[in-house]
Structures are given as C-alpha cells and as structure tokens.
1. Across the stretch 16-58, what is the number of residues that are within 15 Å of A93 (Cα to Cα) and either free of Cβ contacts under 8 Å to residues at least 24 places away in the same chain or assigned to a strand (DSSP E or B) (or both)?
2. Is there a residue being modelled with pLDDT under 95 and out of contact with any Cys (no Cβ under 7 Å at 6 or more places or on another chain) anywhere in the stretch 81-98?
3. Would you check which residues across the stretch 82-119 are in a helix (DSSP H, G or I) and either touching a strand residue (DSSP E or B) at 6+ places or on another chain (Cβ under 6 Å) or surrounded by fewer than 20 Cβ atoms within 10 Å (Cβ to Cβ) (or both) and list them?
4. Residues in the stretch 25-36: is at least one touching a Leu at 6+ places or on another chain (Cβ under 9 Å), under 18 Å from D134 (Cβ atoms), open to solvent by 20 Å² or more (accessible area, probe 1.4 Å) and of a type in the set (D, E)?
5. For the stretch 64-81, give me each residue that is over 14 Å from the mean Cα position of the chain (by Cα) and open to solvent by 50 Å² or more (accessible area, probe 1.4 Å).
Amino acid sequence: GGVETKKLLRFVCPISLPAIPAFAAAEKFREGKTVDGIRVAWLGGNFKTNFLKKKESAVPALDMREHELVARSRDPAIITELGGEDQVETPLAHFWEYLKSAGRTGWHIRYIRDIKGVLWAVHGDWVCGGLSVDARPLGYPDAWSVGNRFGSR
C-alpha cells in the first residue's frame, strides 16, 4: 500500500469573484479609513512597502475555492497541497473583493505577487478597530494556525 499523507486543508466553499476593470491598492487599503464598507485599522510594514503602490488593470472574473487549515503548517506545504503557485496566486483586487464579504473572524490568507513580482502570503484579520493587513515572505519560519483560511483556483 501507498503512504497516506495527512491533509493540511479542508475545502469550505466556492467563491466567485467579479471582473474588476482597475484596482489601485492605495485607494482601497487606507489606514484609519473605511472604503467599500471595510474599515482598515492597520497596515503592516511589509504590506506598505511591497503592495501599497500596486495597480492591477482588467482583472478577469475568477472562481476560487476556500480552504480551512486543519493542521498547523507553513506556506510551502500549503501551496504544494493546493496545487502549486499557479493555483494559489490571487490578484490583490480579488483579495479586497473577497474581504468585503468574508467572515469577520479568523485570518484570511492569499498568495499575491508584489510590485516586483514576488509571491507573498498576504493576510487579513479583523481586530477591534477593523481590518489588519500585512504580508510575510513564503520562507517565514512560523506555521499558520489551524482555522486560517486560504484560497486556490
């Protein structure tokens, strides 16, 4: 018999995201402001440095799948289980669109390319004052906690 591998993620639901004609991170992710019904409480340094100047145009509609982490894990193993970078990469515009209707508990993580084309784990979570967003490199040593939400195609 084959070796059974422990699954890291559990499929939760499909997510349909609309086409977005133009998106500028600096217009949406505004610390201390409410945009599209989302109050942005805090932006971390990695996000500010690598994503705030990001602009995306003509982002096509996208059907994604949401998964919940069922075993503590780091980004490389999560990306592998979800089918690789091509399957997990998400436009920043779609992360914002997703956050507008996402549950207001727990962490929501998407793999998004920065202004230089480097893939990061961008995470948003809801704190008392609103949405907190930052990004961490894929080689980050700490594991994500059980219950965190990830997306894939």
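The values are calculated or read from the model by the stated rules, or taken from the named source; none is laboratory data. This is a predicted model, so every value here is computed, not measured. Counting neighbours? That spans all protein chains shown, and the Cβs are built from the backbone with ideal geometry, glycine included. What goes into the accessible areas is simple: the full protein's heavy atoms, side chains included, and nothing from ligands, DNA or RNA. Shrake-Rupley method; radii C 1.70, N 1.55, O 1.52, S 1.80 Å.
1. Total satisfying the criteria: 15.
2. Narrowing the stretch 81-98 to residues modelled with pLDDT under 95: none.
No; the residues of the stretch 81-98 include none that is modelled with pLDDT under 95 and out of contact with any Cys (no Cβ under 7 Å at 6 or more places or on another chain).
3. Keep residues of the stretch 82-119 that are in a helix (DSSP H, G or I), which gives 85-88, 92-101.
Listed by number, the residues that qualify are E85, D86, Q87, V88, L92, A93, H94, F95, E97, L99, K100, S101.
4. yes
5. As a first pass, look at the stretch 64-81 and keep what is over 14 Å from the mean Cα position of the chain (by Cα): 70-74, 76-77, 80-81.
Answer for the stretch 64-81, where residues must be over 14 Å from the mean Cα position of the chain (by Cα) and open to solvent by 50 Å² or more (accessible area, probe 1.4 Å): V70, R72, R74, P76, T80, E81.
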